[in-house]
Structures are given as C-alpha cells and as structure tokens.
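The values are calculated or read from the model by the stated rules, or taken from the named source; none is laboratory data. None of the values given here were measured: they were computed from a predicted structure. Every residue, glycine as well, gets a Cβ built from its backbone with ideal geometry; the counts of neighbours run over all protein chains shown. Remember, those area values only see protein heavy atoms, side chains included, never the ligands or the DNA or RNA. Shrake-Rupley method; radii C 1.70, N 1.55, O 1.52, S 1.80 Å.
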Amino acid sequence: MTFGVVPLHEQVVGDVRRLVIILLGAVGCVLLIACANVANLLLSRALGRGKEIAIRAALGASRIRLLRQLLTESLLLALCGAALGVMLAVAGNRAIHFVGANQVPRMNEIAINAEVLAFTFLLSVFSAVLFGLAPALRLAGRNVENLQDATRGSSAATSMWGGGNNLRKLLVISELALSVVIMVAAGLLIRSFARLQQVSPGFNPSNVLTLELKMSGRRYEGNSRAVQQTYRQLWERLGRLPGVSAAGGVSSLPLSQMYAWGPIIVEGRRPPAGEKFLNADQRIAGGNYFQAMQIRLVSGRVFNDEDTPDKPRVAIIDDRMAQQIWPNQDPLGKRIKPAGVDAPDAPWMTVVGVVGRIKQDALDSDSRIAVYLSHTQYPARSINVVARSTVAPAALTRAVKKEIHELDPDLPLYNVRTMVQRVDDSLARRRFTMLLLGAFAGLALALATTGVYGVIAYLVSQGTREIGIRLALGATRMNIITLIVRQGMSLAFAGVALGLAGAYALVRLMQSLLFGISSTDALTFTAIPLLLGAVALLASYIPARRAAQIDPMISLRCE
C-alpha cells in the first residue's frame, strides 16, 4: 500500500497554478504594450504643446508645477480608461465563466468586487506614471529659451531621423518584442491543441449516448442475481429501440474522471527486480459495450451471456498489456487474478480476448494496462450505460429514460450526456487556455501594429520638409516609399529579434502544457516573425505611400 500527502489547496487547484501565471504574464505584456502606445501618443502630442508649455514657463510656472499638471492629465486619462475597462470586464467575466465553467477550480468565485476595483485603481495610477512620466519630463523641461523653437520648429523636430525620436522607436521595439512573446506562446498552444485533437481515443465517440445508473433499493442489496437480471433486461430493451445498434455498460467510462485499478498476479510470471506489484486498470463491462463504443477486437472474443458465475472466470485485456506481459506470445488462454489484501482467495481468470487500448484518463496521457471483467460474473450495481445509435444520440434520451423507468421506476439515472460531449470536456481546460491566450495575442498584435503605424506616420508628418526636398532634388516616389518602409522594417526586425530571444527563454515554462510539440517548435518560431514582419510592412507602407504623394512645392511653401 502506498499513499501521498497533498495540501488541500493544491488538491483543489491542481495544475492550474502554472496556467494562471502564464495568463497573468500575458495580461502584463498587453498592459505594457498599451502603455507604450499611449506614451508614444503623448510624446507626439508633446510636440504640439511645446509652445503652450513654454508660455506657461515664461509666465512663472515652475518645473514641478508643470510636471504635476502633466501627470494629473495622464492620471485622468488612465482612470477614464480603467472605468471603461471595468465595464468591459463585467461582460468579459461572464464570457470567461461561460467558456471555462467547471474547468478552472473556484471559477464561480471570480467576480468584480472591492478587491478587484482597488487593484484596478492602483494599476491605473501605476500605468499613468509609467506612460506619462517621459512625456511629462520632456515637456516640463521647456523654458523661455525654448519659446522660439516651439513656435518655429527645429531641424531635429522636422527631421525623420532626429535624435528626439529615439524614445519613440525604443517603445515600438519593446511593443513588438512583447507581442512576439505572447504570440509565440499562443501559437504553441494552438499547435498543441491541434495535435491533441488528432489523437485517436481508441473508440468512436460519435453517436453514443451515455448515462450513469445505479441499482439501489432493497430489491438489489446483497442480491447479485437481481442485479444481473435487471441489467440483462435493460440491454435487451435498449437494443430493441429504433436507431440503437448496440447497448452495454462499463464501470469506468473513458475520459470521465472515473478510475478503478489495483494490483494483479500473472500466472507463471517472474516479476523483474525492484517491482513490488503490477498495477492494472480494472473495468467491468456488460452487454455489448465493446460494440457500442467500437473498441477494436484484436483477437479472441468479447463477453457473452454464457460467462455466468458458475463458469470459469474470464477476462479481456488490452493490447498494451498483451505486449507488455506476453511479448511475442499469444495471450489467449493465459491466466491472471486480482492481488492485494482484499483478494487473497480470488479465482484465476482466463484471458479470452484482446481489445485495442483506449485513452482512459486523458488524450494526452497513456493509461495503465487494462483488464476487463465480465459483468455477468462480477455484477456491479453502478454502471455507465452506453448506447450507439444511427441517429443523433440526444434524440434517444427520452426513449432510453422511458425504458429504464418501465423496467424499474425507482432506479436513479443521472449525468445523461453524449460521448462527444465527454471528449470535449476532457479538452476544455486546454481550449480555455488557448482561447484566452489567443485573444491576448490578437490584442497584442493589434496594439503593436498601431504602434508601428503611429510612429511611422508621425515621422512622416515631422519629415514633410525633408521629403519635399528629396523630391525636389530628383528622388522618385519609389525611393521615398523604400526609405520610409526601411525605417519601419528596421524597427520590426529589432523588436522581433529581441522578442524571439525572450520567447525562447520563457516558453520553456510551458512545456507541461504542450502536447506533441517542443517548446522550441520551429514552425511556430518561424511563422510568428513572418506574420509580424508582414504586418509591420503593411503598417509602414500605408504612411509611406501617403508620403510619396506629397507635392514638394506645397511642402516647402508650408515650411
């Protein structure tokens, strides 16, 4: 006997901690990208307010007073954004409850409460200082001597490559780098989920209706014969229903968090050194369970009505057990029996069939070796009924319930679901993570695209005089487009390179969430940079094309 001691909190939360940390990191990256975008907008606005700030300074406003005014404006902007965000969060919270219901522990406790509002307020203040400090410091540094430059402009201000634009470029590079990290993480999860959906569960879940049934009441307590007779009548009744091709039951339904396992003894087998016991999943199957689930019969036969308690006990094993215990041998006719302190006198069971292995616990993990026992020889009172139909399984629900109630109106049946729903539920947590992280990645891409476009458009507007001179000196419109696009792509290249380095270091934490691919998947690490490069190219081309349409005479006259 073995046991494990686990804190209650860990038992409840399980493996969700890493998932929540990854999602929190994605939220933080999106927040930083948004802050960088707003900082860029405020920096652009700062140039237009240069004259205003210089006049205020000339009238006696101190630098501290100017800095306080500008940070107050940033704080007001942040709080207005937070108020709108809270309203959107109410709707988003409902959507998260809908998508992640019953898949994330304590999901029902997530709500917009006083703690969330306080956190939002503090985060807004932090964001206001974060994205408003640089523009505020630049504007607050204006003085009387800057008044003439603020009125007329300077060579640095009107040049596309002036030194004053370095901070804007650095912010865009940071946006792109953070976007790469989020998009790579989302891309890995999407690829992993696609691989997982391609995994065969070992049975066909389509057109299968399932429900849980228990023989309860005085009629069945201690009366295995009554249990057997009732279930036999149930299989016959369900099999006669229009559209039902096969019906049966099993004690542990696949992909439904149902487990039953224990040690077994194999006749004539010498356990390898260090092996204390051989564990196997033990499932009781009745009726036409294997036919209803379309589990492949590899060799031998399935259970039948002749496998009665007065006959020698029989068992069916899966092909994984056959290969592991009897490699290169025919397992039919071999004998096994349960072991353990609760089965000292258990009879030997003869292997009469081998079926294909199934995914019992999850699609991304392999179950233990499995032994199926005949329900007619081991009459369990509780069983999962399965019925395969040639029509939509949900349409059978009423007919199946009717047959059970006619058989015994006191029988409790519950958890009526299709097998497809159970398979989908087993993927729900991965789907939930993929959808949320994918949404964050899409938002990050949109913000980064806006950032690239905004900076290039700003540089173009500030470089109107330079563009006019270049056109007047003989530059073609294609030269101008190439010049500006090259500027945007240089920012994109730097951001993507930095982001790939960060993603390579961070996504290794996601390996436990992935299936079938590596955390350094080549396709993902290639596709994401190409996607961002294409988006950055488009975001640079639009303002570049607009700049190429500038009339040099009008541009120089305006200057």
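Seen through its C-alpha gyration tensor, with square-root eigenvalues sorted a ≥ b ≥ c, the stretch 414-461 comes out prolate because a/c lies at 1.5 or above while a/b is bigger than b/c.
Taking the empirical scaling 2.2 N^0.38 Å for compact globular proteins as reference, the chain has a Cα radius of gyration ratio of 1.41. Neighbours of GLN198, meaning other residues whose beta-carbon lies under 14 angstrom from its beta-carbon, give a summed charge of +3 when Lys and Arg score +1 and Asp and Glu score -1. Using the average count of surrounding beta-carbon atoms within 10 Å as a protection proxy, the listed peptides 475-481, 347-353 rank, highest first, as 347-353, 475-481. Summing charges over neighbours of SER426, with a neighbour being any other residue whose Cβ is under 13 Å away from its Cβ, gives +2 when K and R count +1 and D and E count -1. Helix 63-100 and the longest principal axis of the C-alpha atoms of the chain enclose an angle of approximately 20°.
Calculate the tail of P(r) for the stretch 355-479: the fraction of all Cα-Cα distances greater than 26 Å, expressed in %.
Numbers: 4700 of 7750 pairs.
Percentage above 26 Å: 61.
Contact order for the chain, expressed relative to its length and based on alpha carbon pairs under 8 Å spaced 6+ residues apart, stands at 23 percent.
Electrostatic tally near ALA527: other residues with Cβ closer than 10 Å to its Cβ, Lys and Arg +1, Asp and Glu -1, net 0. Protein heavy-atom surface of the chain, 1.4 angstrom probe: 60% of the accessible area is carbon and sulfur, with nucleic acids and ligands not counted. Lysine pairs in the chain whose alpha-carbon atoms fall under 18 angstrom of each other, counting only those eight or more residues apart or on distinct chains, come to 5.
Contact order, relative form, for the stretch 474-559: 53 percent (alpha carbon pairs under 8 Å, 6 or more residues apart, mean separation divided by residue count).
Taking every protein chain into account, the 1.4 Å probe leaves LYS214 with about 80 Å² of accessible area, to the nearest ten. Averaged over its residues, the chain has an accessible area of 51 Å² per residue, based on protein heavy atoms and a 1.4 Å probe. Each stretch of four or more DSSP H residues adds -39500 (n - 2.57); spread over every residue of the chain, this sum gives -18500 deg cm²/dmol at 222 nm.
For GluC sites (Glu not before Pro), the sites in the stretch 190-242 that DSSP calls loop and that have at most 12 other Cβ atoms within 10 Å are GLU221. Is the shape of the stretch 412-559 best called rounded, prolate or oblate, per the rule: a/c under 1.5 gives rounded, else a/b larger than b/c gives prolate, else oblate, with a ≥ b ≥ c the square roots of the Cα gyration tensor eigenvalues? Prolate.
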